[in-house]
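Engineer: Next up is a structure, given as structure tokens.
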Amino acid sequence: MKRVVLCVDDFGLNLEVNQAVLNLVDAGVVSATSCMSQGPAWREGATHLKGERRGRLDVGLHLNLTETFEAAPDAALPLRAVIGRAVVHALNPQWLKRAVCSQLDAFEAEWGEAPDYVDGHQHVHQLPQVRELLLAELSRRYGAQPLRPWLRLTRARRGPGGVGLKQWVIEALGARSFERMARQAGFTLNGALLGVYGFDADAQAYRRRLQHWLAQAHAGDVLMMHPACPAAFGEPLTAQPRPGLEDPIAEARRIEYSVLKEQGASLLTQAGVQAARLERAPVS
């Protein structure tokens, strides 16, 4: 069996996402979740990741610079602005440091320990200027620990059919430099990132994509997912993002959840994939 990290992003955004994670972990279909530690449903949700689920799940920080939450010290920026400023090193350094440190602080305060890994909402963690500050702060906080957080690499898994445009753009925005700098600093990374698409698939198309990604995956890769469990499934829905914060991929999240909940386990079995945590080598 190939041991692949099956990761749900955006835990803490709302209870729909949280409930999807809990249900899919219990079903053996998810082995990691990336948490928005200033999201409105993080504090309530973190409790449910502990206990028996903890041993089967990597719980990471999903560094956010583009969604504004009430718990954040500063307003976020649109993604284009973050990218445009980062590539010319024009992000406000005080703003960036507050964002990184406040989110790590909020994660530690609720979770009680360091994140198992760190990645970025909309992959901002790998951008110029962001990656330098993030790696320095992670080294300062966790450098003496025998197991440091692992980091998400956005490098595509090459195969028949090539790499899609969206994945190519994501990788081009910093994967190579981020990998080099992270390895030099002593951090573990995943092998490749799968799961990138335009959030434009119906259930049948998403199932085909999942089959393709699972067949393509190697041990140690990350398969990124964004499911949310709709209230129609009977789970409570009480914590929402603050008024005015809309989720542009809400329908895609519900489609992903329906496929993963109903067919995820069988698709993993057919592909010879086991949902697993990423193995980290102790720092010598």
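Engineer: Go through 210, 223 for me and flag whichever is part of a strand (DSSP E or B) and within 20 Å of the chain's Cα centre (by Cα).
Structural biologist: Just one listed residue meets the conditions, 223.
Engineer: Has the stretch 9-23 got at least one residue that is more than 15 Å from residue 125 (Cα to Cα), among the small types (Gly, Ala, Ser) and assigned to a helix (DSSP H, G or I)?
Structural biologist: yes
Engineer: Let me ask another. Scan the stretch 55-76 and tell me whether some residue there is part of a helix (DSSP H, G or I), surrounded by fewer than 24 Cβ atoms within 10 Å (Cβ to Cβ), of a type in the set (Lys, Arg) and out of contact with any strand residue (DSSP E or B) (no Cβ under 9 Å at 6 or more places or on another chain).
Structural biologist: There is no residue in the stretch 55-76 that is part of a helix (DSSP H, G or I), surrounded by fewer than 24 Cβ atoms within 10 Å (Cβ to Cβ), of a type in the set (Lys, Arg) and out of contact with any strand residue (DSSP E or B) (no Cβ under 9 Å at 6 or more places or on another chain).
Engineer: Please go through (1) closer than 25 Å to residue 281 by Cα; (2) in a loop (DSSP other than H, G, I, E, B) for residue 91 and return the number of the only condition it doesn't satisfy.
Structural biologist: Residue 91 satisfies all of (1) closer than 25 Å to residue 281 by Cα; (2) in a loop (DSSP other than H, G, I, E, B) except (1).
Engineer: Among residues belonging to the stretch 132-163 that are in a loop (DSSP other than H, G, I, E, B) and aliphatic (A, V, I, L, M), point out the one that is nearest to residue 34 (Cα to Cα).
Structural biologist: Among them, the one singled out is 153.
Engineer: Kindly provide the set of residues from the stretch 100-131 that are under 21 Å from residue 226 (Cβ atoms), assigned to a helix (DSSP H, G or I) and in contact with an Asp or Glu (Cβ under 8 Å, 6 or more places away or on another chain), ordered by number.
Structural biologist: 121, 125
Engineer: I would also like to ask the following. Being free of Cβ contacts under 8 Å to residues at least 24 places away in the same chain, among the charged types (D, E, K, R) and closer than 23 Å to residue 102 by Cβ is the filter here, so list the residues in the stretch 27-79 that pass it.
Structural biologist: Matches in the stretch 27-79: 50 only.
Engineer: Could I ask something else about it? Looking only at the stretch 193-213, which residues are touching a Leu at 6+ places or on another chain (Cβ under 8 Å) and either surrounded by fewer than 22 Cβ atoms within 10 Å (Cβ to Cβ) or among the basic types (Lys, Arg) (or both)?
Structural biologist: Within the stretch 193-213, 195, 207, 211 qualify.
Engineer: Continuing with the same structure: Got at least one residue in the stretch 164-171 being within 24 Å of residue 3 (Cα to Cα), charged (D, E, K, R) and outside any helix (DSSP H, G or I)?
Structural biologist: Among the residues of the stretch 164-171, not one is within 24 Å of residue 3 (Cα to Cα), charged (D, E, K, R) and outside any helix (DSSP H, G or I), which makes the answer no.
Every number here is computed from the coordinates shown, using simple stated rules; none is lab data. Everything quoted here is computed from the prediction, not taken from an experiment. So basically every Cβ, Gly included, is an ideal-geometry build from the backbone, and we count neighbours across all protein chains shown.
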